[in-house]
Amino acid sequence: GPAGSPNGVKFYNLDNEPDLWSNGNKGATHPEVHPAKPTCLEIKNKGVTMSYVVKNIDPNAQMLGPVSYGFAGYLNFQGASDWDTVKGTRPWFISYYLDEMRSTSNYVERRLLDALDVHWYPEAQDNAGHRILDNISTPEMYNARMQAPRTLWDTGYISPNETYPDGEVSWINKWYFAQYLPLIPRLKADIAQYYPDTNLAITEYAYGPDGDSQHWSTGIATADVLGIFGKYGVYIATYWGGGNYVDAAFKIYRNYNGNHSTFGDVNVVASMSDKVNSSIYASEFNGHTCEMHLIVINKSQVSSITGTFNITSSQNFNSGRVWKFDNASPTISETTAVGTITNNSFTYTIPATTVCHIVLQADPPYWDSDGDCHVNNIDLGAFAINWLDPYDAVAFASFAKQWGM
């Protein structure tokens, strides 16, 4: 059915990894169907035609493209023969594609691209040259997997040298870091410049080998990546593959207590002092500020972290329950609760290689009748029914003070 119906098709990929259709080597995906390497102009024109046809039938359908396989595709469409001819002043293929889709959309007076869509399989390696997607089990590989998400956001995570010894080992980082990484801010900047209001989709990604035999480091990296996607406003993200630890990473956000309780839907600004060994993501639910959710990750393989948490909020949080998974098991379980919270500050110890979901709770204001932690018109209605017959001036003054009247 149409995109607006309950079971309708809402999203259309304009294709799948067209930069690999035929590239002159064994990695080509469709050499029989498309013997020649595709060109930049070809993929743009085919995307325009397909999007126009789909939107003629279903105007609310959302089109995703170009669905590039990886960094070399982003760069010059895998060495497309016409790249030097068509690029103009646009620095890489991503810029070209967005700019061309924007100009064509303006010409036909219809948005033809709703989301810039790329695939992201990190090229990060351990010190022995093994890629993090390889089924290798060593402490060096575990660390490489858990650090790899920083390439998505961290401007300081450059190629290793004497100044930055913890930088990622990868051919991308070594040769192209200064201009094109970290990835998400760069893609967002291109969108803002070349086709504003386009969403960002990452419709394939993975941070370790596939299957239930995968290592806990894949789960920790995936939990980190999910937090990054939320924090930086990725519109759609779909994991390629799965396994017990990837499942745990999703469940720590989407079903941490087994009752389908979830991380919040409103981002709360959160930062950490040690980005090498820790990550933190925070949220609340829209209109409900009595509850704050924290995803906190300890990536150290050897040491626990005793973190000091300082919260700036109009609410006074007074308790916190905690769920976690760790290097011993992908099964999520409730663990030690948060201790004393004083003036919205507390300490909590997170064991090595552990992901925690902390749920902080505050008491609702006295006149909050519906439990959303706000005194508003809904509460005014309840107040009017329960307290104004007969009129109670003291109660009304108290209510007005909490409401900020």
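Data table
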item: Identity of the residue in region 240-256, in a loop (DSSP other than H, G, I, E, B) and touching a strand residue (DSSP E or B) at 6+ places or on another chain (Cβ under 6 Å), that ends up least open to solvent (accessible area, probe 1.4 Å); result: Y256
item: Whichever residue in region 20-48 is among the polar types (S, T, N, Q) and over 18 Å from L98 (Cα atoms) and, among such residues, is surrounded by the fewest Cβ atoms within 10 Å (Cβ to Cβ); result: N25
item: Filtered residues of region 304-322 (kept if assigned to a strand (DSSP E or B) and open to solvent by 60 Å² or more (accessible area, probe 1.4 Å)); result: T306, T308, N310, N318, R321
item: Per-region count, region 70-113, residues among the β-branched types (V, I, T), open to solvent by 10 Å² or more (accessible area, probe 1.4 Å) and either part of a helix (DSSP H, G or I) or over 30 Å from S170 (Cα atoms) (or both); result: 4
item: Filtered residues of region 150-181 (kept if closer than 22 Å to S271 by Cβ, surrounded by 21 or more Cβ atoms within 10 Å (Cβ to Cβ) and modelled with pLDDT of 85 or more); result: R150, T151, L152, L181
item: Tally, over region 285-304, of residues that are farther than 21 Å from T222 by Cα and not small (G, A, S); result: 7
item: Test result for E140, on the phi > 0 side of the Ramachandran plot, out of contact with any helix residue (DSSP H, G or I) (no Cβ under 7 Å at 6 or more places or on another chain) and open to solvent by 30 Å² or more (accessible area, probe 1.4 Å); result: no
item: Any hit, region 121-132, residues being part of a strand (DSSP E or B), open to solvent by less than 60 Å² (accessible area, probe 1.4 Å) and β-branched (V, I, T); result: no
item: Single unsatisfied condition, Y232 versus (1) open to solvent by 60 Å² or more (accessible area, probe 1.4 Å); (2) under 28 Å from L116 (Cβ atoms); (3) without any contact (Cβ under 8 Å) to a residue 12 or more places away in the chain; result: (3)
item: Filtered residue count, region 209-226, keeping only those that are touching a Ser or Thr at 6+ places or on another chain (Cβ under 8 Å) and open to solvent by 10 Å² or more (accessible area, probe 1.4 Å); result: 3
item: Of all residues in region 259-303 being out of contact with any Phe, Trp or Tyr (no Cβ under 7 Å at 6 or more places or on another chain), part of a loop (DSSP other than H, G, I, E, B) and open to solvent by 70 Å² or more (accessible area, probe 1.4 Å), the one that is nearest to T354 (Cα to Cα); result: V302
item: Test for A249: is it under 9 Å from the mean Cα position of the chain (by Cα) and small (G, A, S); result: no
item: Residue among G233, G211 that alone is on the phi > 0 side of the Ramachandran plot and over 16 Å from the mean Cα position of the chain (by Cα); result: G211
item: Residues satisfying the stated conditions in region 203-229, i.e. modelled with pLDDT of 95 or more, of a type in the set (D, E) and closer than 27 Å to Y12 by Cα; result: E204
item: Checklist (1) closer than 21 Å to R111 by Cα; (2) charged (D, E, K, R); (3) open to solvent by less than 60 Å² (accessible area, probe 1.4 Å) applied to E17, failing item; result: (1)
item: Residues satisfying the stated conditions in region 54-72, i.e. small (G, A, S) and out of contact with any Pro (no Cβ under 8 Å at 6 or more places or on another chain); result: G65, G70, A72
item: Among (1) modelled with pLDDT of 95 or more; (2) open to solvent by 30 Å² or more (accessible area, probe 1.4 Å); (3) over 29 Å from Y207 (Cα atoms); (4) polar (S, T, N, Q), the one test that S51 misses; result: (2)
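The values are calculated or read from the model by the stated rules, or taken from the named source; none is laboratory data. What you see is a predicted model, and the numbers here were worked out from it, not measured in a lab. With ideal geometry, Cβ positions are generated from the backbone for all residues, glycine too; neighbour counts draw on all protein chains shown. Ligands, DNA and RNA are excluded from the accessible area calculation, which covers all protein heavy atoms including side chains. Shrake-Rupley method; radii C 1.70, N 1.55, O 1.52, S 1.80 Å.
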